[in-house]
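Single-structure report; data block below.
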Protein chains: 2
Amino acid sequence: MRSIRLRVRALDLEAERTVVLINEADAEALGYSPGDRVRIASSSGAIVSMASITKRLVSRGELGSCREITDALGLSQGEEVEVSLAPRPKGVEAIRKKVEGKQLSPDEIGDIVRDIVSGSLSPEEISALVVAEHVRGMTMDEIVAMVRHMVETGDRLELGVEPIFDIHSIGGVPGNKYALVTVPIVASAGLVVPKTSSRAITSAAGTADVMEVLANVSFSLEEMRAIVRKVGAVLAWGGSVRLAPADDILIRVERILGLDPRCQLLASVMSKKLAVGADHILIDIPTGPGAKVERMEEARALARDFIQLSHRLDVRLEAAITYGGQPVGYAVGPALEAREAMETLMGNGPGSLIEKASSLAGIMLELGGVARLGYGREAALEMLRSGKAYQKMREIIEAQGGNPDVKPEEIPVGDKMEVIPAPSSGYIAQVSNRIINEIARAAGAPSDKGAGLRILVKEGRKVEKGEPLMEIYAEHENKLDQAISIARQRPPIRIEGMLLEKLSGEPRFR
Amino acid sequence: MRSIRLRVRALDLEAERTVVLINEADAEALGYSPGDRVRIASSSGAIVSMASITKRLVSRGELGSCREITDALGLSQGEEVEVSLAPRPKGVEAIRKKVEGKQLSPDEIGDIVRDIVSGSLSPEEISALVVAEHVRGMTMDEIVAMVRHMVETGDRLELGVEPIFDIHSIGGVPGNKYALVTVPIVASAGLVVPKTSSRAITSAAGTADVMEVLANVSFSLEEMRAIVRKVGAVLAWGGSVRLAPADDILIRVERILGLDPRCQLLASVMSKKLAVGADHILIDIPTGPGAKVERMEEARALARDFIQLSHRLDVRLEAAITYGGQPVGYAVGPALEAREAMETLMGNGPGSLIEKASSLAGIMLELGGVARLGYGREAALEMLRSGKAYQKMREIIEAQGGNPDVKPEEIPVGDKMEVIPAPSSGYIAQVSNRIINEIARAAGAPSDKGAGLRILVKEGRKVEKGEPLMEIYAEHENKLDQAISIARQRPPIRIEGMLLEKLSGEPRFR
């Protein structure tokens, strides 16, 4: 193997992956070709890194070293190191095989996952994997191996108790704050629920964004463990811990490409659940126009895949297909949703949210043997009515460093508000998930916690012209204006007369 | 569209693509999600750029700006600019369509190619395109559009004469210095041959590397034009000019992924040829074990595709399938190959090189109407024998700033040399392209111009134990040792007795 000696030039740079900069001329001397990795050996050790080739950023004879590498090898400015080509990581060959449409062995999947987590793969290689998974798919064997390796290459919560319960919603419905109601219900019945969730990426509020209005959500694994041991549950942001970290890297590339391979969705969800030790899992699949899953057959197929996967992973899993054709509850946006969730726990919530949260909690109570089959929902509603779920939520909020005495109406929302009136009389024919989401985001959600909207009417209701349809809240005047302008140009709530269509009796062709 | 105001922090960074650095908190405020582009507006104008999100590299409120963007907008340190999300380039949607296996319109292909050349696509997106082309393929309509847009988005040679001849070898065979013989033959017959070629990437010497031993190969378009007008030909490095630049970007990603989509190969070759204005093209497809194309059917299919494409692009094209199962000539490595090419032009070359160079030149002479059909090879050999081709090569070398009087034996080769003897007596059964290539690269080729090897025997010849099989040349002792060690561990030249296998007459099962 050819090698050259280069002088270290420590760069004030932190890269996502370990990467060094090498001058074009030195790269040629090394026999470097695009995608090659280099091995950097100093007196104190050696490390393998991706290399970026540059014409001018570093001179011939220099090795531009980002901070991770400088620190890992304890390099000093001007120190001489030996640089040679390193073999490509094994995962590269396995990705190529998947591109060719071949089935991968568990070991090959392991190579890929380890290389993803160690930062050994280039953006191009990870992208090739995502495209190949999308086009070629994966067998159940491959998905099982993917889950196992994704869990193994990360940290684990390890609570030391069992059973452990968890719930995950596939998402795509605005106002989906159900977890802030379902988790306290389930925990108040004595089940252990260490729930991690994500922040909104394309939606107006993720569960973590809503919970953050009420308490902290960023914890170390140790802190999370302590909270769950104390109050039986946590509502934490998954991004603060290294649970199945391959997932986060893959999801980033999926978003860039606008692809969401079904097989990777299955592996992602299950790996996150297994990493917290969950062995009793409920999957919520919101289904309807504008949701992530639009058609019932599609929802059923996904549910079947989840169940099959759970058998292979030896965990209990149920899947619930819920109505996702319009927002859950009335509020959309972190603070407005936090208000609505607290109101619901305090006995004054909207029907659709109570219905969804208690149905899901009911399935979990039955799964946990706390309620008899068929009586779960009733038991869940009882926890809600009795105030036990609210009491549990107070404990969770307090354990997470929030104020348990917070009143819903005291939660601050944006002080700029506009009411959108009905442009005509008629019946509410449709509430569009997509446009509702866009308006809430334009108003500032999720980063402006107080921004969002409240829908005042739901599908099927009769309204009179001029009657308020929704309120938009914002923290900044210009964002309110942007949100109003979307609401005017593309009304998210469609009103129609009862007569939807008139068919002419006249024959079209004489 | 949301926008935020950031202070410019000019970074001493040159990126491959235009890219700005934004703090995580600001990205969240913008509603940024991975793959989004941002629009940066200053008092002097606006520009769209990819964004890299960072936790610490720039602080909240700062915009880290690479030199390209700082210069393009004339930004000064600390200046306030307005940053907002920009729509994704059109090419992204077209790539997604190809991933889904749909056929693209010429306009969609145009979107992709323009976005590649302007640097608007992320590495992930370009990778998705390459994988999609590999898995889904492209129709002839798509390839035609790809070629046209690749040519349009780059510079052109525009010699102002016609016809223009060109030749391209698909490659993969060590020692393939044929172009240094074929081009002077063809040019000496009065045809115009502006040949651009690549440097070696995975091989021991590209045409440009070999020619560089004799003369300069890096020219501006204007210089190339002047050389061709003066002597009728050029042997230049394609990397110094912007001919079909999308090709170079795509090839980089193909190498990272180890993929070589057939449709993109066709588009790449034709776009480079059309960019120099060639309308009479010869494609050489070396075929045999260890070559890029291994089987005859595959070679024929590729030839047919090239011919079909040429009809669509309205240029004349012939394809030649040549034997590529073992090295062409005896020399491998820049200086050794330059010696062999000059010896051949001076009337003292190896049979396989004379045969290949004159056959290909003959086809071009027939294409150009300089020789009657069936008499091209004879005419080519006559140009060689008469010294006219050598005289033309001297003119080319001089026009390219080299020494036309150079003697082959004066061309410096590595002064470290080792002879590899035959380990046994027998017949040469196989000369392995792949291992020959590896040995020459280990010896230092192509960056050490004098490094490489000379094969002394070819397939079918009888050798005695101890008889020299090859000579390895290197400029550095340690590289010579590495090359020798490969040659010992994995002999590139296989010797066998005439009796290849003995089948026992005894029945296996009684």
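Every residue, every condition in (1) of a type outside the set (A, V, I, L, M); (2) under 25 Å from A:V130 (Cα atoms); (3) modelled with pLDDT under 95, yes or no:
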{"site": "B:S59", "(1), (2), (3)": "yes, no, yes"}
{"site": "B:E62", "(1), (2), (3)": "yes, no, yes"}
{"site": "B:G78", "(1), (2), (3)": "yes, no, yes"}
{"site": "B:R88", "(1), (2), (3)": "yes, yes, yes"}
{"site": "B:I95", "(1), (2), (3)": "no, yes, no"}
{"site": "B:V99", "(1), (2), (3)": "no, yes, no"}
{"site": "B:K102", "(1), (2), (3)": "yes, yes, no"}
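Residues that are touching a residue at least 24 places away in the same chain (Cβ under 8 Å) and in contact with a Lys or Arg (Cβ under 8 Å, 6 or more places away or on another chain): which strands (runs of 3 or more DSSP E) entirely in segment B:33-129 hold 3 or more of them?
Passing ranges, in order: B:45-54, B:62-65, B:80-86.
Among the residues of segment B:64-104, write down those that are among the small types (G, A, S) and within 13 Å of another protein chain (Cβ to nearest Cβ).
Residues satisfying the conditions are B:G64, B:S84, B:G91, B:A94, B:G101.
I'm trying to understand the selection: among the residues of segment B:412-425, which are out of contact with any Asp or Glu (no Cβ under 8 Å at 6 or more places or on another chain) and surrounded by fewer than 19 Cβ atoms within 10 Å (Cβ to Cβ)?
Once the filter is applied, which keeps residues that are out of contact with any Asp or Glu (no Cβ under 8 Å at 6 or more places or on another chain) and surrounded by fewer than 19 Cβ atoms within 10 Å (Cβ to Cβ), segment B:412-425 yields B:P412, B:P423, B:S424.
Being in contact with a Ser or Thr (Cβ under 6 Å, 6 or more places away or on another chain) and not in a loop (DSSP other than H, G, I, E, B): is that true of A:A145 here?
Here the answer is no, as A:A145 does not meet what is asked.
Hey, B:V173 hits all of (1) among the aliphatic types (A, V, I, L, M); (2) within 14 Å of another protein chain (Cβ to nearest Cβ); (3) under 30 Å from B:I439 (Cα atoms) but one; which does it fall short on?
It fails just one condition, (2).
Before we move on, is B:I251 surrounded by fewer than 21 Cβ atoms within 10 Å (Cβ to Cβ) and either under 30 Å from A:E93 (Cα atoms) or not hydrophobic (A, V, I, L, M, F, W, C) (or both)?
Yes: the conditions hold for B:I251.
Which one is surrounded by the fewest Cβ atoms within 10 Å (Cβ to Cβ), of the residues in segment B:171-206 that are of a type in the set (G, A, S) and either closer than 17 Å to B:L367 by Cβ or without any contact (Cβ under 8 Å) to a residue 24 or more places away in the chain (or both)?
B:G190
When both residues are 6+ apart or on different chains and their Cβ atoms are under 9 Å apart, which pairs have a first residue that lies in segment B:143-170 and is without any contact (Cβ under 8 Å) to a residue 40 or more places away in the chain, and a second that is assigned to a helix (DSSP H, G or I) and hydroxyl-bearing (S, T, Y)?
Cβ pairs passing all conditions: none.
Within segment A:236-275, take every residue that is β-branched (V, I, T) and assigned to a helix (DSSP H, G or I) and give me the one that is farthest from the other protein chains (Cβ to nearest Cβ). Can you show your working first?
Of all residues in segment A:236-275, those β-branched (V, I, T) come to A:241, A:249, A:251, A:253, A:256, A:269.
Keeping just the survivors that are assigned to a helix (DSSP H, G or I) gives A:249, A:251, A:253, A:256, A:269.
Working: A:I249: 11, A:I251: 8, A:V253: 6, A:I256: 3, A:V269: 19 Å.
Top of the filtered list is A:V269.
For segment A:408-427, enumerate the residues that are touching a strand residue (DSSP E or B) at 6+ places or on another chain (Cβ under 6 Å) and aliphatic (A, V, I, L, M).
Selection gives A:V413, A:M417, A:V419, A:I420, A:A422.
Can you find, within segment A:49-63, the residue that is farthest from the chain's Cα centre (by Cα) among those that are of a type in the set (S, T, N, Q) and within 14 Å of another protein chain (Cβ to nearest Cβ)?
Filtering first and then ranking leaves A:S59.
Taking into account only those residues within segment A:118-146 that are of a type in the set (V, I, T) and within 10 Å of chain B (Cβ to nearest Cβ), which is nearest to the chain's Cα centre (by Cα)?
A:V130
With segment A:284-370 as the region, which helices (runs of 4 or more DSSP H) entirely inside it contain at least 3 residues that are at pLDDT below 95?
Of the helices (runs of 4 or more DSSP H) lying wholly inside segment A:284-370, those with at least 3 residues that are at pLDDT below 95 span A:296-313, A:351-367.
For segment A:338-388, give me each residue that is of a type in the set (G, A, S) and more than 16 Å from A:V186 (Cβ to Cβ).
Answer for segment A:338-388, where residues must be of a type in the set (G, A, S) and more than 16 Å from A:V186 (Cβ to Cβ): A:A338, A:G347, A:G349, A:G351, A:S352, A:G374.
From the list B:A205, B:A215, B:A244, B:A200, pick out the single residue that is over 15 Å from the mean Cα position of the chain (by Cα) and assigned by TED's automatic domain parsing to the domain that holds B:G347. Steps first, answer last, please.
Working: B:A205 fails: over 15 Å from the mean Cα position of the chain (by Cα); B:A244 fails: over 15 Å from the mean Cα position of the chain (by Cα); B:A200 fails: over 15 Å from the mean Cα position of the chain (by Cα).
Within the list B:A205, B:A215, B:A244, B:A200, the selection yields B:A215.
Restricting to segment B:489-509, give me the number of residues that are at pLDDT 70 or above and either part of a loop (DSSP other than H, G, I, E, B) or surrounded by fewer than 10 Cβ atoms within 10 Å (Cβ to Cβ) (or both).
Matching residues across segment B:489-509 total 4.
Can you confirm whether segment B:464-483 contains a residue that is modelled with pLDDT under 90 and part of a loop (DSSP other than H, G, I, E, B)?
no
So, in segment A:425-449, exactly how many residues are within 14 Å of chain B (Cβ to nearest Cβ) and either within 24 Å of A:E294 (Cα to Cα) or part of a loop (DSSP other than H, G, I, E, B) (or both)?
Residues flagged as within 14 Å of chain B (Cβ to nearest Cβ) and either within 24 Å of A:E294 (Cα to Cα) or part of a loop (DSSP other than H, G, I, E, B) (or both) within segment A:425-449 amount to 12.
Would segment A:262-270 turn up any residue that is within 27 Å of A:A445 (Cα to Cα) and surrounded by 23 or more Cβ atoms within 10 Å (Cβ to Cβ)?
Here is the first cut: in segment A:262-270, the residues within 27 Å of A:A445 (Cα to Cα) are A:265, A:268-269.
Going one step further and asking which of them are surrounded by 23 or more Cβ atoms within 10 Å (Cβ to Cβ), we end up with A:268.
There is at least one residue in segment A:262-270 that is within 27 Å of A:A445 (Cα to Cα) and surrounded by 23 or more Cβ atoms within 10 Å (Cβ to Cβ).
Within segment B:1-57, can you find the residues that are modelled with pLDDT of 85 or more and β-branched (V, I, T)?
Across segment B:1-57, the qualifying residues are B:I4, B:V8, B:V20, B:I22, B:V38, B:I40, B:I47, B:V48.
Matching residues to (1) assigned to a helix (DSSP H, G or I); (2) under 17 Å from B:G277 (Cβ atoms); (3) within 14 Å of chain A (Cβ to nearest Cβ):
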| site | (1), (2), (3) |
| --- | --- |
| B:L180 | yes, no, no |
| B:V210 | yes, no, no |
| B:V213 | no, no, no |
| B:M224 | yes, yes, no |
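The values are calculated or read from the model by the stated rules, or taken from the named source; none is laboratory data. Keep in mind that what you see is a predicted model, and the values were worked out from it rather than measured. In this analysis, Cβ positions are derived from the backbone assuming ideal geometry, glycine residues included, and neighbour counts consider all displayed protein chains.
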